[in-house]
Structure formats: C-alpha cells, structure tokens
Amino acid sequence: MVSADALRTRQQLHYDDVEAGTEMPPLVIGPLTPTHLFRWSAAMENWHRIHYDQNFAIYHEDLPSILGQGSWKQSILPRYLKDLCLPDGWAWKVKFQHRAMIVPGNTLTVWAKVTGKREAEGLGLVDLDVGMRLDGDIESCPGTATIVLPIRGGRAIPYPFVAPKGA
Amino acid sequence: MGHWIAIGRKPEWNDLEAFAGELKAPTKWRVDPRTTITTVMVLADGRMVAECHAAKREDFDAWLNQKGWEVESVSQIRHLAKTGEIWKVG
C-alpha cells in the first residue's frame, strides 16, 4: 500500500528519463476477493447482483462468478497513470477497452510501456500502451494513454492542466 | 449455456493441499472464457462431485479427462435450490 504522503514526495519521473520501449513499474493488485467487489459496489451504489450475488451470477446470468465492475477498472488505470506522474506531472488522457471479465481470485497487473515522446509548447508528452493483465497473461483492458512529464530545466506543467494546442 | 454434475473419483484430491493446488487459482476453475467449474465436493466415501457450466458437455468431459477423473456419471442439471433460492438452469 502506498501512502498519499509517499506519492506527494516521490521522486519525480522526468520526460528525459523515458524513451520508446521504456516499461513503467507495474501496479499489482490482488488476489481480489468478493469483499473488494462489494466494497466498490457499495461506494458506487451499483447494486447489480452480478457484482455480489454469486448464485445469481452463475445460475441466472451464466457468468463464471461475480464480476469486477467496469467502473472499478476505469478508476484503476487513471490512478496508476496519475501515480506514475506525481508529484508534478499530469495524467492527461487514457482510453481502453474492456475485453475480459475479472472474477474473485484474479490478480491484476496494471502496466504501461512508452511508445513515443514529443514536446509541445515546452511540455513533455509521453505516449503509452497500457493495460491490465489477469492471471494467465490475459489482457483485460488494452489501451493507450498520454501523460505529461516535466522536462528537466523546462517549464512547470500548469495546474489546472492546459492541453497544448494541436497535441 | 448448460450446467452439468459429474460424480467420480480422483483419489489425490482427498488431500486438501493437493485439492487446493488444483482448484484455487482462477485459471484452474475458469477453464476457458465459456467453461467454469463452479463447485467441487469431496465426499467422505471417497467419491467427488463436480459442477460445471459450459457451452457444451464435451468441454466438461475434456476437463474431467484432463484432470484424470474416474467418472461414474455426468448429468445435466434442470433446476436446483440453493438455500431457498430456486434456479432453473437446464
């Protein structure tokens, strides 16, 4: 578990530190339990029975078990990118697909790999392939993202973030 | 999707550690995206009961064969009760 203070004071990753092919440190979560799923359902007030009622999921919906929520996955990838950028970078954008169901027992590995980098208006834009691998190397959320990392000696990334024109 | 119950024997699974090693990880019970081993019970008389839901029975048969079960019977489930909840699955 990483504390908020540790994130605020972590060593900054700079634009200069990465290049195409750089693999970012992965985030490993799990094994997930029904409690994890139920906690998210409660927090989101998502009461669909496929997320907490195993009999309903198996015998009514023909699912393998109760399922991890898409909205949970949608929270994890941005959180991972945000943590990569802290304290002074910015997780600008991410898009991904939901391709595989997540069930209790799964351990997830959230990952990112640099595909390219470019400067725009003095900001260091880093393009990434991203995903969330399940046990058995099943990719459940393939996608792409762009983060903004500080350039050494460069200008500060504005907050609130202002996207460079045409980037 | 269909649901089936198999009754048979797999003596090694009387050992709890071996049983867990064969069935705990999701990749062990989610055989493939459309085949799930939902329940396995080890009975005191040495027999075992396994429940599967799958697109077709052959997928369950393949799992039983791969695990080395001595199968006594495999039957499709029509409906069931789970602590008062009634499910029609056949």
Extreme residue, farthest from A:L81 (Cα to Cα), among residues of region A:27-37 that are surrounded by fewer than 14 Cβ atoms within 10 Å (Cβ to Cβ) and in contact (Cβ under 8 Å) with a residue 60 or more places away in the chain:
A:T33
Do you know which residues across region B:51-74 are under 19 Å from A:G105 (Cβ atoms) and within 14 Å of chain A (Cβ to nearest Cβ)?
B:E51, B:C52, B:H53, B:A54, B:W63
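For the subset of region A:126-167 comprising residues that are assigned to a strand (DSSP E or B) and touching an Asp or Glu at 6+ places or on another chain (Cβ under 7 Å), which member is surrounded by the fewest Cβ atoms within 10 Å (Cβ to Cβ)?
A:T144
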Condition first: within 14 Å of another protein chain (Cβ to nearest Cβ), assigned to a strand (DSSP E or B) and surrounded by fewer than 19 Cβ atoms within 10 Å (Cβ to Cβ). Now tell me which residues in region A:88-125 satisfy that.
A:T109
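Rundown of residues vs (1) among the polar types (S, T, N, Q); (2) under 30 Å from B:L23 (Cβ atoms); (3) out of contact with any strand residue (DSSP E or B) (no Cβ under 9 Å at 6 or more places or on another chain); (4) without any contact (Cβ under 8 Å) to a residue 40 or more places away in the chain, yes/no style:
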residue: A:I66; (1), (2), (3), (4): no, yes, yes, yes
residue: A:F96; (1), (2), (3), (4): no, no, no, no
residue: A:R99; (1), (2), (3), (4): no, yes, no, no
residue: A:P104; (1), (2), (3), (4): no, yes, yes, no
residue: A:A112; (1), (2), (3), (4): no, no, no, no
residue: A:T115; (1), (2), (3), (4): yes, no, no, no
Exclusive hit being under 11 Å from the mean Cα position of the chain (by Cα) and of a type outside the set (A, V, I, L, M), set A:W92, A:W111
A:W111
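In region B:6-78, which helices (runs of 4 or more DSSP H) lie fully inside it and hold 1 or more residues that are of a type in the set (A, V, I, L, M)?
Numbers: elements: B:16-23, B:26-29, B:57-67.
So the answer is B:16-23, B:57-67.
Since every read-out is calculated from the coordinates, none of them should be taken as a lab result. Just so we're clear, the structure is a prediction, and the values are computed from it rather than from any experiment. Please note: Cβ atoms are built from the backbone with ideal geometry, for glycine as well, and neighbour counts cover all protein chains shown.
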